[in-house]
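**Q** Before anything else, here's the structure in question.
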Amino acid sequence: MIAAILLASGRGKRFGPDKLLYQVEGVSMAERAFRALPLDIPAFVVTGDSRVAALARQHENITVVKNADERDDIALTIRLGLQALPEDTTGALFCVCDQPWLTRQSVERLTEAFRAAPDGIYVLSYGERQGNPCLFPRKYFSELSALEPDQGGKTVIARHPEAVRYVQALNPGELEDLDRRPGE
């Protein structure tokens, strides 16, 4: 079984504290991330923001994992997400919540590729550009759980280039993230 982990614990230093609540085309970035997930997989959003948690609870396939730590440590967020996964999880789909143009169709392409050959690390890309989400098989969970502070999944990807499989997004805009408010 594939499960998604939504990394929603960042402090939005360059964007501002309400980054995931920022409206893009009338929908918050967090809600857009939730809607991009395939409905047939359970999801776990790791957040310390009660407003993001409240949005997540409106989706029956999303469970909130509380991150009370204020250090903005991606490694801790990854570890908390992995600890919440059901025992029968064979693959963890890591998603960030600041890619407002990511589509469910591209995420489904990623999960379908994993299901066809679940031994690799699958990375959404467009052309030569790598991005998120990334899907890791269980054999990498302990390595992901042991990441040093501020290290993310790219550290594990760099250690295992032979295992990386790229899945093309439907369009390049899906890999764009908003790190700054538009116009800044």
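**Q** Out of the residues in region 144-176 meeting the condition of being of a type in the set (D, E, K, R) and farther than 15 Å from residue 125 by Cα, tell me which one is modelled with the lowest pLDDT.
**A** 150
**Q** Moving on. Taking residue 156 as the residue in question, decide whether it is surrounded by 15 or more Cβ atoms within 10 Å (Cβ to Cβ) and either touching a Gly at 6+ places or on another chain (Cβ under 8 Å) or acidic (Asp, Glu) (or both).
**A** When the stated conditions are applied, residue 156 does not pass them.
**Q** Cβ-Cβ distance below 7 Å, separation of 6 or more or different chains: which pairs start in region 91-116 with a residue that is basic (Lys, Arg) and end on one that is open to solvent by 10 Å² or more (accessible area, probe 1.4 Å) and part of a strand (DSSP E or B)?
**A** 109/167
**Q** Let me ask something else. Would you kindly identify the helices (runs of 4 or more DSSP H) lying entirely within region 80-184 that contain at least 2 residues that are basic (Lys, Arg) and over 19 Å from residue 43 (Cβ atoms)?
**A** Answer list for region 80-184: 153-159.
**Q** Another question, then. Just checking, does region 97-110 include any residue being modelled with pLDDT of 95 or more, open to solvent by 40 Å² or more (accessible area, probe 1.4 Å) and among the aliphatic types (A, V, I, L, M)?
**A** Scanning region 97-110 turns up no residue that is modelled with pLDDT of 95 or more, open to solvent by 40 Å² or more (accessible area, probe 1.4 Å) and among the aliphatic types (A, V, I, L, M).
**Q** Another one. Tell me whether region 39-53 contains one or more residues that are in a loop (DSSP other than H, G, I, E, B) and touching a residue at least 60 places away in the same chain (Cβ under 8 Å). It would help to see each step written out before you state the result.
**A** Restricting attention to region 39-53, the residues satisfying the condition of being in a loop (DSSP other than H, G, I, E, B) are 39-42, 48-49.
Subset that is touching a residue at least 60 places away in the same chain (Cβ under 8 Å): 41.
Yes - at least one qualifying residue is present in region 39-53.
**Q** Of the conditions (1) within 16 Å of residue 96 (Cβ to Cβ); (2) modelled with pLDDT of 95 or more; (3) outside any strand (DSSP E or B), residue 4 satisfies every one except a single condition; which number is it?
**A** Tallying (1) within 16 Å of residue 96 (Cβ to Cβ); (2) modelled with pLDDT of 95 or more; (3) outside any strand (DSSP E or B), residue 4 fails exactly one: (3).
**Q** Consider residue 121 against the criteria (1) among the aliphatic types (A, V, I, L, M); (2) touching a Cys at 6+ places or on another chain (Cβ under 7 Å); (3) surrounded by fewer than 18 Cβ atoms within 10 Å (Cβ to Cβ): it satisfies all of them except one. Which criterion is unmet?
**A** Going through the list (1) among the aliphatic types (A, V, I, L, M); (2) touching a Cys at 6+ places or on another chain (Cβ under 7 Å); (3) surrounded by fewer than 18 Cβ atoms within 10 Å (Cβ to Cβ), residue 121 breaks only (3).
**Q** Something else about it: Being modelled with pLDDT under 95, surrounded by fewer than 22 Cβ atoms within 10 Å (Cβ to Cβ) and over 19 Å from residue 140 (Cα atoms) is the requirement here; does residue 57 meet it?
**A** When the stated conditions are applied, residue 57 does not pass them.
**Q** Could you tell me how many of the residues in region 30-55 are within 11 Å of the chain's Cα centre (by Cα), within 12 Å of residue 93 (Cα to Cα) and not small (Gly, Ala, Ser)?
**A** Looking only at that region, the number is 3.
**Q** A further question on this structure: How many residues are touching a helix residue (DSSP H, G or I) at 6+ places or on another chain (Cβ under 9 Å) and of a type in the set (D, E, K, R) when one looks only at region 74-92?
**A** 1
**Q** May I pose another question? Select from region 28-51 the residues that are buried (at least 20 other Cβ atoms within 10 Å of the Cβ) and of a type outside the set (D, E, K, R) and list them in ascending order.
**A** 28, 29, 30, 33, 34, 36, 37, 43, 44, 45, 46, 47
The values are calculated or read from the model by the stated rules, or taken from the named source; none is laboratory data. Keep in mind that what you see is a predicted model, and the values were worked out from it rather than measured. Note: ideal-geometry Cβ built from the backbone for every residue, glycine included; neighbour counts use all protein chains shown. What goes into the accessible areas is simple: the full protein's heavy atoms, side chains included, and nothing from ligands, DNA or RNA. Shrake-Rupley method; radii C 1.70, N 1.55, O 1.52, S 1.80 Å.
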